[in-house]
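A.B. asks: Just passing along the structure, written as structure tokens.
The values are calculated or read from the model by the stated rules, or taken from the named source; none is laboratory data. Treat the numbers as computed from the prediction; the structure is a model and nothing was measured. Don't worry about glycine lacking a Cβ; one is built from the backbone with ideal geometry, like all the others, and counts go over all protein chains shown.
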Amino acid sequence: MERIRITGGRVLTGKIRPAAAKNSVLPLLAASLLCAKPCVLRGVPRLSDVDASLALLRAVGANPVRRGPDILLPPAAVTGRVPPELAGAMRGSVFYLAPLLVRAGTVEMPLPGGCRLGPRPIDIHLAGLGAMGAEITEEEGAVRLSCPGGLKGTEFVLRLPSVGATLTLLMAAACARGITVLRGAACEPEIADTAAFLRMAGAEIEGAGTPVITVRGSDGPLPGGGVHLPLPDRIAAATYAAAAAVAGGRVTVEQCRPGHLASFLRFLRTAGCEVSAGPDSFTVVRDPETPLWGGIRLCTGAWPGFATDTAPLAAAVLLQAGGESRIHDALFQNRFACADGFAAMGAKVHADGRDLHIWGGARLHGAAVNAPDLRGGAALVLAGLAARGTTIVADPGHIRRGYQDLAADLKTLGAHCASLKTISDATRKTVGAMQMR
Ligand code: EPZ
């Protein structure tokens, strides 16, 4: 268990740059299996989901090597069997369905379980791969796909703009026989980033980042490879922006894509922050003596709508704002498990399924709270920046899935924040047993 300790009341100032985007790096690591030549991903943060991806790659026969901030991905022969304990470790394991099907002709993995955000079905991934010729069987919580003759191009309409399903079908189409047209595709920036990587390796893709993507498949693995710098993490950038809004001060986020979090920056302006943006950086200024404005209604949606992952971050900002606000998450059923933590800190909130109601103007105080998931945990840390006294966020590992070291990031901006790696309960028992001897 890790504990992040925050002592509130510090105004933030300084500059920070986000790492490479988790939601780009995870599909890119899987897509490297499609490449006949070596690939390198630059500037990859040390996230637990990245570590889980590297373990999964090694388990299927690949040989990724971390060299400082870069990951080297030499071509390798792979099998299609993903160890259940690795497949279940993260949602990102679903990105291996298509590459392993292309490379090994079969793939078998447990159905990714639901998570704290709610059910995480993969029906659209499977329907699309089925339309491309994969034979699919589901039994005992696992899914098995086979397509020994290779995938074939098809026209496929996604029933909703799933980010993951779009990535799966883009990877499959890049190596299928013939033309594929995906309609109703997700348009998040990470889609275009994966398409750029695949094109670097020789794929022929048009329309990535729009609802209609056309792909001319290579009828097998892609001929090339190359060096790719993934997108900067727009959710991490939004986290630092939210920190400035919550604590007050002046924070500049550099080497990022402000356009990729435009809806969140618009929200901060509406809440009373001063936000200025250039082509690759933005600055958030908030006078801690000036109250934030609430009475805001937010509803998440697919790109370019308000990103679901930034909903808890917006909530952390609105806790202190005047008036009654409400945030609705249209994508996930349980996005606001962090509401309990907010309430423990003195906030007036009520989570009702997909909705979070916030009666602002709270005087937050320190508390011991638990991180319920990745972005909810980050939001609780942010709320601690404004709380009177000390907040401890106990985290079983959620936050490190998406941030290399959130406490250190905020500390560079002047926060009184530290990560306390406590010994695990098992270790504690072992130590206790040793002391008994
Ligand atoms: C990706 O998840 C991200 N994860 C999520 O980030 C992000 O919140 C989400 O996209 C939306 O932007 C990764 O990239 C690893 P979806 P994904 O498929 O692909 C339903 C974070 O915190 N759906 O767009 O799973 C699904 O249940 C994580 O970084 C189906 O019904 O999201 C959800 O309600 C959290 N059938 C909606 O679509 C399917 O086959 C959107 O899911 C697939 C999805």
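A.B. asks: Among 321, 378, 330, 314, which is the only one that is buried (at least 19 other Cβ atoms within 10 Å of the Cβ), in the same structural domain as residue 405 (by TED's automatic domain parsing), under 21 Å from residue 262 (Cβ atoms) and within 11 Å of the ligand (Cβ to nearest atom)?
C.D. replies: When all the criteria are applied, what remains is 378.
A.B. asks: Moving to a separate point now. Within the range 125-165, work out how many residues are under 18 Å from residue 99 (Cβ atoms), in a loop (DSSP other than H, G, I, E, B) and either of a type in the set (A, V, I, L, M, F, W, C) or not assigned by TED's automatic domain parsing to the domain that holds residue 103 (or both).
C.D. replies: 4
A.B. asks: Only one of 310, 300, 290, 283 is hydroxyl-bearing (Ser, Thr, Tyr) and more than 21 Å from residue 12 (Cα to Cα); which?
C.D. replies: That would be 300, the only listed residue that is hydroxyl-bearing (Ser, Thr, Tyr) and more than 21 Å from residue 12 (Cα to Cα).
A.B. asks: Same structure again: Collect the residues in the range 207-217 that are in contact with a Lys or Arg (Cβ under 9 Å, 6 or more places away or on another chain) and either closer than 9 Å to residue 174 by Cβ or surrounded by fewer than 19 Cβ atoms within 10 Å (Cβ to Cβ) (or both), keeping them in residue-number order.
C.D. replies: 211, 212, 217
A.B. asks: Looking at this structure, is residue 254 modelled with pLDDT under 95 and either hydrophobic (A, V, I, L, M, F, W, C) or out of contact with any Leu (no Cβ under 9 Å at 6 or more places or on another chain) (or both)?
C.D. replies: No.
A.B. asks: If I filter the range 337-346 down to residues being out of contact with any helix residue (DSSP H, G or I) (no Cβ under 7 Å at 6 or more places or on another chain) and within 15 Å of residue 318 (Cβ to Cβ), which single residue comes out as nearest to the ligand (Cβ to nearest atom)?
C.D. replies: 339
A.B. asks: Let me ask another. Collect the residues in the range 117-136 that are modelled with pLDDT of 95 or more and more than 6 Å from the ligand (Cβ to nearest atom), keeping them in residue-number order.
C.D. replies: Passing the criteria: 126, 127, 128, 129, 130, 131, 132, 133, 134, 135, 136.
A.B. asks: With the condition kept exactly as written, say whether any residue in the range 271-288 is acidic (Asp, Glu) and free of Cβ contacts under 8 Å to residues at least 24 places away in the same chain.
C.D. replies: Yes, the range 271-288 has at least one match.
A.B. asks: So, restricting to strands (runs of 3 or more DSSP E) that lie completely within the range 177-273, which ones have at least 2 residues that are β-branched (Val, Ile, Thr) and on the phi < 0 side of the Ramachandran plot?
C.D. replies: In the range 177-273, the matching strands (runs of 3 or more DSSP E) lie at 179-183, 212-216, 249-253.
A.B. asks: Against the condition away from the ligand (no atom under 16 Å from the Cβ), over 24 Å from residue 21 (Cα atoms) and among the acidic types (Asp, Glu), how does residue 206 come out, does it pass?
C.D. replies: Against the criterion (away from the ligand (no atom under 16 Å from the Cβ), over 24 Å from residue 21 (Cα atoms) and among the acidic types (Asp, Glu)), residue 206 does not qualify.
A.B. asks: Ok, one more. Determine if the range 204-212 includes at least one residue that is of a type in the set (Gly, Ala, Ser) and closer than 17 Å to residue 34 by Cα.
C.D. replies: For the range 204-212, residues of a type in the set (Gly, Ala, Ser) and closer than 17 Å to residue 34 by Cα: absent.
A.B. asks: Considering each residue of the range 282-303, count those that are out of contact with any helix residue (DSSP H, G or I) (no Cβ under 9 Å at 6 or more places or on another chain), more than 16 Å from the ligand (Cβ to nearest atom) and in a strand (DSSP E or B), and give that number.
C.D. replies: Qualifying residue count for the region: 1.
A.B. asks: Now a separate question. Restricting the range 114-124 to residues that are crowded, with 18+ Cβ neighbours inside 10 Å and either in the same structural domain as residue 376 (by TED's automatic domain parsing) or in contact with a helix residue (DSSP H, G or I) (Cβ under 8 Å, 6 or more places away or on another chain) (or both), which is nearest to residue 353 (Cα to Cα)?
C.D. replies: For the range 114-124, the residue satisfying everything is 122.
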